[in-house]
Structures are given as structure tokens and as C-alpha cells.
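One structure is given here, and the rest of the page talks about it.
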Amino acid sequence: MVQIAPSVLGADFGRLADEIKSADQAGIRMYHLDIMDGHFVPNISFGPGIVKTINQLTHGFLDVHLMLSEPEKYFEPFVKAGADSITFHLEVHPDPVPYAEQLRQLRVQTGISINPDMPVERVLPFLKHFDLLLVMSVFPGFGGQKFIESALGAIRAARSYVDSHNLKTQIQVDGGVDGSNAAEVVAAGADILVMGTGFFGRDDRAQLVQQVSQLKSARERSI
Ligand code: DX5
Ligand code: ZN
């Protein structure tokens, strides 16, 4: 089943508890938490304290996306705060396998991400070590940017690699995804759609969750 992972960065932080409650009620089971250090990306977001707060507000799966130059320094604090998966960038660790191993020892799911200008071929050989591949469809740092179409090619290539190697790695897409391009992104091979403004920017959230849950993932299409 295809699912939406709302990026909490797109929520109204003044009403965080209500925003999470409304997402839970709309049927959301996974939250995407964008962590920025002002170094790997030109913006700063929030840290383990807010992740801990979100963990107290929902039973949903917490998918933590570390846009950090030294992500491994923060693996443990985020796990302690309630992270269920941790994703870091291939750009900072071109040999990511030892870091996947560290995450496994901390008993969380593992994710690896690539920016839009990273050739997708570079990440494919590592996918067997990861539960999640996060394909960025914007240059990370800010919510509300326009979807970069060339990400569709990366998603297709990743899908075909995952399927032909019988891997369980799920493909996530992050940046500029909303109700208008969800079907196209899923058709390219995505399993999980990260949506910031595309989710929190609208009132009819349950309807969006319903719309996306009816899309068939690549795996369901091949059965
Ligand atoms: C990019 C972040 C994204 C982003 C998504 O900097 O990793 O998760 O906030 O937001 P939208 O959906 O608004 O592009
Ligand atoms: Zn993200």
C-alpha cells in the first residue's frame, strides 16, 4: 500500500498537538521529521527534544531524516527520542554501510538519501543494507519548493533495481509532492510519499489520505 508520511516541518508549530491529532485522525501512520543543521543544508529546523514531544503526541512511526554533516553523532539521541527509522545522506557518507550497521545496533530501521544531483547509480549497490531509500525531489533545506521532474528517472531506476534484486527496500520521495503529482510519483515506483505543504497546507486531509491509499504501488501492480 502506498502511504503518505507528512513532513512535520510543514505543520503549524503553534498548534503542533492539533496538527498531529488531525493527521492521526486522517489515517496517517508515519511521520517524516526533517532535521537540519545549517551546514549540510542552509536552514536549521529542530532536534531530539521536538522529536520526543511528537513521540508523545502519536503512536505513528517516526521517520527521521537527518540533513546533517555528521549524522552519526546524533543517531543515539534521536533513537532515544523515539525515532523508528533514521535516514542520512550518501553525500556525507559515500561508504554508508558502517553507518547502517550502527543504526541496526540501535534497533531502528535504516535509510539512505540522495539529492537531485546525485546519480542514482551510486546508491543502488548499497540498497541491500537499507530499509528505505529517500529520493530527494528538491534540494533539501526548505519546504514548499517545486518538484524537480528529473527525480522521476531516479525513482524508476531505483524501482527497477529493487524489484530485479528482490529487495525489500522501500522507496520514499521527498520534496514538492502533493495531491496533483502523487499518482505520477507512485507510477514511477514510489512506496511512500513525503508531503509537507502538500499535506498540512490543506484542510481535507482525510480525503487526500484516501486518494493516495487507492493508488497501487509497483509491488501491488506486479502481483
Ligand atoms: C526538504 C525536506 C522536505 C520538505 C518537504 O528540505 O526534507 O521533507 O520539507 O516539504 P514539501 O512537501 O513542502 O516540499
Ligand atoms: Zn525530508
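What follows is calculated from the coordinates using simple rules that are stated; it is not laboratory data. Quantities reported herein were computed from a predicted structural model and do not represent experimental measurements. Ideal geometry is used to build each Cβ from the backbone, glycine not excepted, and the neighbour counts take in all protein chains shown.
Sort out which residues of segment 74-100 are more than 16 Å from ligand 2 (Cβ to nearest atom), in a helix (DSSP H, G or I) and either over 17 Å from the mean Cα position of the chain (by Cα) or not aliphatic (A, V, I, L, M) (or both), and write them in order of number.
Residues of segment 74-100 more than 16 Å from ligand 2 (Cβ to nearest atom): 75-77, 79-82, 93-100.
From what is left, the residues that are in a helix (DSSP H, G or I) are 75-77, 79-81, 97-100.
Correct list: F75, E76, P77, K80, A81, V97, P98, Y99.
Of the numbered conditions (1) of a type outside the set (S, T, N, Q); (2) in a loop (DSSP other than H, G, I, E, B); (3) within 14 Å of the chain's Cα centre (by Cα), H65 satisfies every one except a single condition; which is it?
Just one mismatch for H65, condition (2).
Given the criteria more than 15 Å from P6 (Cα to Cα) and without any contact (Cβ under 8 Å) to a residue 12 or more places away in the chain, does S150 qualify? I'd like the intermediate steps shown before the answer.
Values: more than 15 Å from P6 (Cα to Cα): yes; without any contact (Cβ under 8 Å) to a residue 12 or more places away in the chain: no.
Against the criterion (more than 15 Å from P6 (Cα to Cα) and without any contact (Cβ under 8 Å) to a residue 12 or more places away in the chain), S150 does not qualify.
Check whether at least one residue in segment 109-116 is of a type in the set (A, V, I, L, M) and out of contact with any Phe, Trp or Tyr (no Cβ under 8 Å at 6 or more places or on another chain), and report yes or no. Before you say what the answer is, go through the steps one by one.
Going through segment 109-116, the residues of a type in the set (A, V, I, L, M) turn out to be 112, 114.
From what's left, out of contact with any Phe, Trp or Tyr (no Cβ under 8 Å at 6 or more places or on another chain): 114.
There is at least one residue in segment 109-116 that is of a type in the set (A, V, I, L, M) and out of contact with any Phe, Trp or Tyr (no Cβ under 8 Å at 6 or more places or on another chain).
Could you grab me the full set of residues in segment 103-114 that are out of contact with any helix residue (DSSP H, G or I) (no Cβ under 9 Å at 6 or more places or on another chain) and buried (at least 21 other Cβ atoms within 10 Å of the Cβ)?
S113 - this is the single residue of segment 103-114 that is out of contact with any helix residue (DSSP H, G or I) (no Cβ under 9 Å at 6 or more places or on another chain) and buried (at least 21 other Cβ atoms within 10 Å of the Cβ).
Out of everything in segment 200-222 that is of a type in the set (S, T, N, Q) and touching a residue at least 24 places away in the same chain (Cβ under 8 Å), what residue ends up being surrounded by the most Cβ atoms within 10 Å (Cβ to Cβ)? Even if it seems obvious, please write down each step before you answer.
The initial filter retains those residues of segment 200-222 that are of a type in the set (S, T, N, Q), namely 207, 210-211, 213-214, 217, 222.
Pick out the ones that are also touching a residue at least 24 places away in the same chain (Cβ under 8 Å) and you get 210-211, 213, 217, 222.
Numbers: Q210: 12, Q211: 14, S213: 12, S217: 20, S222: 8.
Across segment 200-222, the extreme among qualifying residues is S217.
Could you please find all residues in segment 46-62 being of a type in the set (A, V, I, L, M, F, W, C) and not in a helix (DSSP H, G or I)?
Of all residues in segment 46-62, those of a type in the set (A, V, I, L, M, F, W, C) come to 46, 50-51, 54, 57, 61-62.
Within segment 46-62, F46, F61, L62 meet the criteria.
Pick from segment 128-146 the residues that are within 12 Å of ligand 2 (Cβ to nearest atom) and crowded, with 21+ Cβ neighbours inside 10 Å: which of them is farthest from S160 (Cα to Cα)? Before you say what the answer is, go through the steps one by one.
Of the residues in segment 128-146, the ones within 12 Å of ligand 2 (Cβ to nearest atom) are 132, 134-143, 145.
Next cut, crowded, with 21+ Cβ neighbours inside 10 Å only: 132, 134-137, 140, 143.
Working: L132: 15, L134: 15, V135: 14, M136: 18, S137: 18, P140: 25, G143: 28 Å.
Selected residue: G143.
To keep it simple, each residue is scored yes or no on (1) under 18 Å from the mean Cα position of the chain (by Cα); (2) small (G, A, S).
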residue	(1), (2)
Y161	no, no
G175	yes, yes
G179	yes, yes
V186	yes, no
V194	yes, no
Q211	no, no
Q214	no, no
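Anything in segment 163-199 that is touching a Gly at 6+ places or on another chain (Cβ under 8 Å), in contact (Cβ under 8 Å) with a residue 40 or more places away in the chain and among the β-branched types (V, I, T)? List them, or say none.
Scanning segment 163-199 gives V177, V194, T197.
Here's a check for you: in segment 30-45, which residue that is without any contact (Cβ under 8 Å) to a residue 40 or more places away in the chain and not in a loop (DSSP other than H, G, I, E, B) is surrounded by the fewest Cβ atoms within 10 Å (Cβ to Cβ)? First the steps, then the outcome.
Of all residues in segment 30-45, those without any contact (Cβ under 8 Å) to a residue 40 or more places away in the chain come to 31, 37-39, 44-45.
Now drop any that are not not in a loop (DSSP other than H, G, I, E, B), which leaves 31, 37, 44.
Working: Y31: 26, D37: 18, I44: 12.
Filtering segment 30-45 for residues that are without any contact (Cβ under 8 Å) to a residue 40 or more places away in the chain and not in a loop (DSSP other than H, G, I, E, B), the one surrounded by the fewest Cβ atoms within 10 Å (Cβ to Cβ) comes out as I44.
Just checking, how many residues over segment 162-182 are aliphatic (A, V, I, L, M) and away from ligand 2 (no atom under 16 Å from the Cβ)? Spell out the reasoning first.
Step one: of segment 162-182, the residues aliphatic (A, V, I, L, M) are 162, 167, 171, 173, 177, 182.
The next check asks that each one be away from ligand 2 (no atom under 16 Å from the Cβ); those that pass are 162, 167, 182.
Adding up the residues that qualify gives 3.
Which residues, counting only those in segment 154-199, are away from ligand 1 (no atom under 16 Å from the Cβ), hydroxyl-bearing (S, T, Y) and either surrounded by fewer than 18 Cβ atoms within 10 Å (Cβ to Cβ) or within 18 Å of K216 (Cα to Cα) (or both)?
Residues satisfying the conditions are S160, S164, T169.
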